[in-house]
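In what follows, a single structure is set out as structure tokens and then discussed.
The values are calculated or read from the model by the stated rules, or taken from the named source; none is laboratory data. Given the structure is predicted, the values throughout are model-derived calculations rather than measurements. Cβ coordinates were reconstructed from backbone atoms using ideal geometry, including for glycine residues, and neighbour counts include every protein chain displayed.
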Amino acid sequence: MRATAVITLVASATVALPAVGAAQDQMPENYRQVQLSALQLQRSMLIAMADSMPENLYRDKATPAQRDFAQQIHHAAGAMVFLVARNMGGERPTLPDTAATFNSRAGLTSFVNGAYDFAEGVLRDQTAASRAESVDFFGNEMPRWQIWDELHQHTIWTAGQVVANFRKHGMAPPGFGFF
């Protein structure tokens, strides 16, 4: 039942948005709230993961080629800071260094919160003109409002990879909000 409600909500939201692939320089102002909600979801998901993983497993990898758990959470939040500062403006915040971030729940949580405080502030303060302005995003010309959606996709992709860290140790990852 709940999955049906989510599908209905997504389908309804899709109808209200421009067609995928359509050249859209500007989104309706109320779409900013959708993007703020996405940032809040990302933050809560990363914090839940940091809270659910025992600290002694923060430096553990699911596979040799993968980042370890703490590095993966750091990458998800750190990419947000780097790319928002690079593409949206705003002075990068001072965040805990990796020694604190990678080795303690308090450090990792502080890093994630600092990253998302910064990103949410930039998004809230972003003018409509800035949101509509097109910039080069890794070789793709797109309006800044769309970059927020690309960042959301990156965070979800990156965080999803740490499910393997939980499974490796016979643990369930934190609950996924929609199910």
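Pairs meeting the criteria (first residue in the stretch 84-111 and on the phi > 0 side of the Ramachandran plot, second residue surrounded by 16 or more Cβ atoms within 10 Å (Cβ to Cβ), beta carbons under 6 Å, at least 6 apart or on different chains) are Gly90/Val122. Scan the stretch 73-101 residue by residue and report those that are more than 27 Å from Glu141 (Cα to Cα), surrounded by 15 or more Cβ atoms within 10 Å (Cβ to Cβ) and at pLDDT below 95. Selection gives Leu95, Pro96, Thr101. Considering only the stretch 50-67, I want to know if a residue exists there that is surrounded by fewer than 19 Cβ atoms within 10 Å (Cβ to Cβ), closer than 24 Å to Gly160 by Cβ, among the aliphatic types (A, V, I, L, M) and at pLDDT 95 or above. Yes, the stretch 50-67 contains a residue that is surrounded by fewer than 19 Cβ atoms within 10 Å (Cβ to Cβ), closer than 24 Å to Gly160 by Cβ, among the aliphatic types (A, V, I, L, M) and at pLDDT 95 or above. Taken together, Arg124, Arg144 contain a single residue that is under 13 Å from Val84 (Cα atoms) and crowded, with 16+ Cβ neighbours inside 10 Å, which is Arg144. Among the residues of the stretch 102-115, the ones that are touching a His at 6+ places or on another chain (Cβ under 9 Å) and surrounded by fewer than 17 Cβ atoms within 10 Å (Cβ to Cβ) come to 0 in all. Among residues of the stretch 123-179 being under 17 Å from the mean Cα position of the chain (by Cα) and of a type in the set (Val, Ile, Thr), the one that is farthest from Gly78 (Cα to Cα) is Val163. Just one of the listed residues (Ala128, Ala119) is touching a residue at least 60 places away in the same chain (Cβ under 8 Å), farther than 24 Å from Ile47 by Cα and either aliphatic (A, V, I, L, M) or in contact with a His (Cβ under 6 Å, 6 or more places away or on another chain) (or both), and it is Ala128. Close contacts from the stretch 29-43, counting a first residue that is free of Cβ contacts under 8 Å to residues at least 40 places away in the same chain and a second that is part of a helix (DSSP H, G or I) and small (Gly, Ala, Ser), with Cβ to Cβ under 9 Å and a gap of 6+ residues or different chains, come to Asn30/Ala16; Val34/Ala13. The residues of the stretch 59-90 that are out of contact with any Lys or Arg (no Cβ under 8 Å at 6 or more places or on another chain) and outside any helix (DSSP H, G or I), listed by number, are Arg59, Thr63, Pro64, Ala65, Gln66, Gly89, Gly90.
Asp25 meets the conditions (1) at pLDDT below 85; (2) among the charged types (D, E, K, R); (3) assigned to a helix (DSSP H, G or I) in every case but one. The failed one is (3). Output yes when any residue across the stretch 157-169 is in contact (Cβ under 8 Å) with a residue 12 or more places away in the chain, in contact with a Leu (Cβ under 7 Å, 6 or more places away or on another chain) and surrounded by fewer than 16 Cβ atoms within 10 Å (Cβ to Cβ), and no when none is. Within the stretch 157-169 (the criterion being in contact (Cβ under 8 Å) with a residue 12 or more places away in the chain, in contact with a Leu (Cβ under 7 Å, 6 or more places away or on another chain) and surrounded by fewer than 16 Cβ atoms within 10 Å (Cβ to Cβ)), the answer is yes, since at least one residue qualifies. Do we find that Phe118 is among the hydrophobic types (A, V, I, L, M, F, W, C), in contact with a helix residue (DSSP H, G or I) (Cβ under 7 Å, 6 or more places away or on another chain) and either closer than 16 Å to Ala79 by Cα or surrounded by 21 or more Cβ atoms within 10 Å (Cβ to Cβ) (or both) in this structure? The answer is yes for Phe118.
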